[in-house]
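Written out below as structure tokens is the structure these notes cover.
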Amino acid sequence: MLPNFLVIGAGRSGTTSLHHYLGSHPDVYLPRVKSPSHFYCRDRAPSENPGVRLVTRNFFVPNEADYEALFDGVRGEKAIGEVSPAYLASTAVPARIAERIPEARLIAILRNPVDRVYARYVARLRDGLENRSDFAGIVREERTESLIRDDAAGTYLAAGFCSHVLRSYFEKFSRDKIRIHLFEDLRDDAARLMAETFEFLGVDASFRIDTRARHNASGGVIRNPLLRAMWTRSALLRARAQPYVPGWIRGPVSAAVKRDLDRRPLDAELRAELTALYRTEIEKLQQMLNRDLSHWLR
């Protein structure tokens, strides 16, 4: 069995919360594991970086039979889907989806690229997946490379450019099959966004779910220095253990560790630099979506 809807991204834009909210509806089926990323990793060789290989093995599902097996638990649910933010990082993905699921409904949440890029950095720093403490240095380094890429997965700055990927989706799917929200829609009125999403998926939009919790928000780094050191240095160990530790244990432990965070606001000058960098991209998205995004440029 294949899904009939996909949440295609974007990463660090509320997709983990959306995964939890969707899974709360009795007529929506989602695999327990988020981000199988099948249509991204299907024809992709394993990363040469052993750390990346270790982390992605817990959710990447390149094999077609294994991917279809994710949906073996369907018991009459009307909306069957999965959430994989990597689908908005590659221009090759839309054609792959259209080939296998031409009638799929697609959902995306977009976020101010400046906030999204920095949130990814802070989350990776918090979790021990990034050891560079100078974000300005990362920006300088990545700005020496091409930022409009056919595949921007795993990047910081390049991942903030997604209008050309969206255009690839618009070329393969009719606009009535694609629903695009903003991060602000989820942040300010998650209940309304979910009702609209349920209606889009053809399930009972009046079913009320609990949208008070925010899942996997980046926030900042762990304030307690001892706890921070233990958590960040155990990143690969946690990745190895993940398949053997049930989610009902991992989730509360992770939430407890990240309860007290030291906020790391983005430097004002660097924010201004990144806003200028993304200005043309934001203007393109504004035109494509027919939504006012001027607040992203302030």
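Structural remarks
- Close amide H contacts of residue 262 (hydrogens built in the peptide plane, cut-off under 5 Å, sequence separation of 5 or more or a different chain): 221, 222, 223.
- Fewest-first sequence of 188, 262, 151 by Cβ atoms within 10 Å of each Cβ: 188, 262, 151
- Cα gyration tensor shape for segment 1-158, rounded if a/c is under 1.5, else prolate or oblate: prolate
- For the chain, a Gaussian network of Cα nodes joined below 10 Å ranks 83, 114, 257 by mean-square fluctuation, and the top entry is 257.
- A straight line joining the Cα centroids of segment 22-37 and segment 137-204 runs 19 Å.
- Ascending count of other beta-carbon atoms within 10 Å, so fewest first, for 215, 295: 295, 215
- The HN-Hα couplings worked out from phi for segment 288-296 by the Karplus form 6.51 cos²θ - 1.76 cosθ + 1.60 (θ = phi - 60°) are 5, 8, 6, 10, 6, 10, 4, 5, 6 Hz, whole numbers, x standing for Gly and Pro.
- The overall shape of the chain is rounded: from the C-alpha gyration tensor, with semi-axes ordered a ≥ b ≥ c, the ratio a/c is less than 1.5.
- The chain: calculated mean residue ellipticity at 222 nm from DSSP helix runs of at least 4, using -39500 (n - 2.57): -12500 deg cm²/dmol
- log₁₀ of I(q)/I(0) at q = 0.25, 0.26 Å⁻¹ - segment 66-130, Debye sum with one point per alpha carbon: -1.16, -1.20
- Distant-in-sequence amide H partners of residue 178 (H built 1.01 Å from N, under 5 Å): 106
- For segment 91-96, the Karplus equation 6.51 cos²θ - 1.76 cosθ + 1.60, evaluated at θ = phi - 60°, returns couplings of 6, 7, 5, x, 5, 5 Hz by residue, with Gly and Pro reported as x.
- Residue-by-residue Karplus 3J(HN,Hα) for segment 134-141, coefficients 6.51, -1.76, 1.60, Hz, glycine and proline x: 9, 5, 4, x, 4, 4, 4, 5
- The fewest-to-most ranking of 107, 8, 138 by surrounding Cβ atoms within 10 Å reads 138, 107, 8.
- Under 12 Å from the Cα of residue 177 - aspartates and glutamates, other chains or at least 8 residues apart: 103
- Annotation: amide H of residue 7 within the under-5 Å range of 82, 83, 84, 107, sequence separation 5 or more or interchain, hydrogens built in the peptide plane.
- Cα shape, segment 191-298, gyration tensor, a/c 1.5 rule: oblate
No lab work stands behind these numbers, since they all come straight from the coordinates. Predicted, not measured: the structure shown is a model, and the values here were computed from it. With ideal geometry, Cβ positions are generated from the backbone for all residues, glycine too; neighbour counts draw on all protein chains shown.
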